[in-house]
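Q: Okay, handing you the structure first.
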């Protein structure tokens, strides 16, 4: 079962994806639907069925008219927190073998990143009731950094790079009692500045403070353990770069439960009413293949289980605004 959100007559409304051509409107947005389910103590799928209307919309028209929205939003962007974890994926068989070989190197010869990866391989999937290794963690911003599917994804003028990161994102709502509730999963383009990060890994925090996009569809229910997708960059209608990628717990060093625990263990991330978008990481980047994107290139990320592809053209901002700090 998959949901989208769209602008319908000036209102944010959720809609059930019935086919590639058609969606069925709900009487509310996804955030409201999730809170109904929390309050009623019922599965989201039950509340979804109760919220269905008789109005059906043409899916492609929503795309063409730029009326698609992220599948979960908050009316106040400051109450939507966007975060993520890195060094979580094992990657392809070849990459996995190479990383494991490096992980056997002498401790003094390891990079900090390899040590972090090794911690995940050894302790990222703990038994029930046990604590697992902490993952690498980063903050991207609040809801203001989220770009709708099909909308331009901006790269600031001061950026050194503008690279896609094809990932899964977990979408959450915090209940009135501080309990985090997972609404579902979506495709995500976490989008980072890899040149800045490569210069010095201590600049990772800077490299992640960029826009991102997720959706267009929200997958409700259990996530398949093994997922295969395709990440593509198009330029002038032609494919500039394309590569398959793997995700899901079978292809990760960490369990999703471990990643979620180490995020929501902080009380500040359990503030009632907030929305959280948490990216789970990737092992596939065009940057690693020497690709340099430019204005107008379009990112496209697809996994068949998530319906339509997540697509965003790149817009490079021409000028950095002058920042003047004044003393009070």
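Q: Residue 119: over 17 Å from the mean Cα position of the chain (by Cα), closer than 26 Å to residue 272 by Cα and modelled with pLDDT under 95, yes or no?
A: Taking the combined requirement at face value, the residue does not satisfy it.
Q: Of everything in the stretch 10-36, what is touching a residue at least 60 places away in the same chain (Cβ under 8 Å), surrounded by fewer than 20 Cβ atoms within 10 Å (Cβ to Cβ) and in a helix (DSSP H, G or I)? Give them in sequence order.
A: Once the filter is applied, which keeps residues that are touching a residue at least 60 places away in the same chain (Cβ under 8 Å), surrounded by fewer than 20 Cβ atoms within 10 Å (Cβ to Cβ) and in a helix (DSSP H, G or I), the stretch 10-36 yields only 35.
Q: With respect to residue 171, is the statement that it is closer than 19 Å to residue 35 by Cβ and under 11 Å from the mean Cα position of the chain (by Cα) true?
A: On the way: closer than 19 Å to residue 35 by Cβ: yes; under 11 Å from the mean Cα position of the chain (by Cα): yes.
So residue 171 passes the test.
Q: Additional query: What's the number of the condition residue 214 fails, among (1) in a strand (DSSP E or B); (2) farther than 19 Å from residue 145 by Cβ?
A: All conditions pass for residue 214, except number (2).
Q: State all residues of the stretch 256-304 that are over 25 Å from residue 148 (Cα atoms) and loosely packed, with under 13 Cβ neighbours inside 10 Å; if no residue qualifies, say none.
A: 265, 266, 267, 268, 288, 289, 290
Q: Considering every residue within the stretch 195-216, establish whether at least one is at pLDDT below 95 and within 30 Å of residue 34 (Cα to Cα).
A: The answer is no; no qualifying residue exists.
The values are calculated or read from the model by the stated rules, or taken from the named source; none is laboratory data. No experiment lies behind these values; they were computed from the predicted model shown. Here Cβ is always computed from backbone atoms with ideal geometry, including for glycine, and neighbour counts include all displayed protein chains.
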